[in-house]
Amino acid sequence: MFQGLNNTLFGAIVVDLRVLYGVSINTMSYMDFPSSLGYLVGSLASLVYRWVNRQLALAGFLLLMAVNTFAVPFLSASIWLFFADCLVTGIGTGGYDSGYSIWLVEMWPEHHAAMLQAALFVSGVGATVGPLAAAPFVHGELKNSTTTTTTNSSAAEDYLQNNGTSIEVMMEERRWDLGKAVGIAGGTLCIGR
């Protein structure tokens, strides 16, 4: 459930992230590439689970996802830091997915299909809850916003003010509200699946 919540959270807060990072929505849409690449790399962790304590590795991957999810609103110095964060979070997600799947198959060798289906169902429930949990903390587009291509939030703020566009919510308030939204997802990751 918690991983599904974490995975859908970024779609719900992408507009606020766009404003916070001071980039266009087109640039923000590239966040899926490093996440997917990280997931691919992380899924290769299944090759080392026979030599590494699986429980500790799974806890490490959950912690990796949680810490990087918590960091998202506070990386606004550079969109590239955000993309690197997406890559590392993807590694944690891929490693965790492959590890818990292997573990479920080993624990229930005869009924593993039902257990895997149940695990994915619960993840789907979390994916449904993610945007609902983030909704109270999302501010959306700036009032009368135009697309900016600047690289940091203060430059985006200056750009909007110089062009006569009012800012509905100040950047710091937006950052801390996003911190609350990602804190919900990161906190649930700390609890575990």
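Each value in this text was obtained by applying a stated rule to the coordinates, not by laboratory testing. The structure presented is a predicted model; accordingly, all values stated were derived computationally and were not measured. Note that we place each Cβ from the backbone using ideal geometry, even for glycine, and neighbour counts take in every protein chain shown.
Once both labels are positioned 7 Å from their Cα atoms along Cα-to-Cβ, the gap between A57 and S78 label points is 3.1 nm. The translational diffusion coefficient of region 54-118, from Stokes-Einstein at 20 °C and 1.002 mPa s with a Kirkwood hydrodynamic radius over alpha carbon pairs, comes to 164 µm²/s. Extension gain for the segment E141 to L120, taken as residue separation times 0.36 nm less the Cα-Cα distance, is 4.3 nm to one decimal. With the convex hull drawn over the C-alpha atoms of region 92-132, the volume per residue is 55 Å³. Scaled against 2.2 N^0.38 Å for its residue count N, the alpha carbon radius of gyration of region 1-142 is 1.12.
Taking each residue as 0.36 nm, the span from R50 to S29 lengthens on full extension beyond its C-alpha to C-alpha distance by 3.9 nm.
Across region 2-56, the volume of the C-alpha convex hull divided among the residues equals 99 Å³ per residue. Working from the Cα coordinates of region 17-100, the gyration tensor eigenvalues give, after taking √(5λ), semi-axes of 28, 13, 7 Å in decreasing order.
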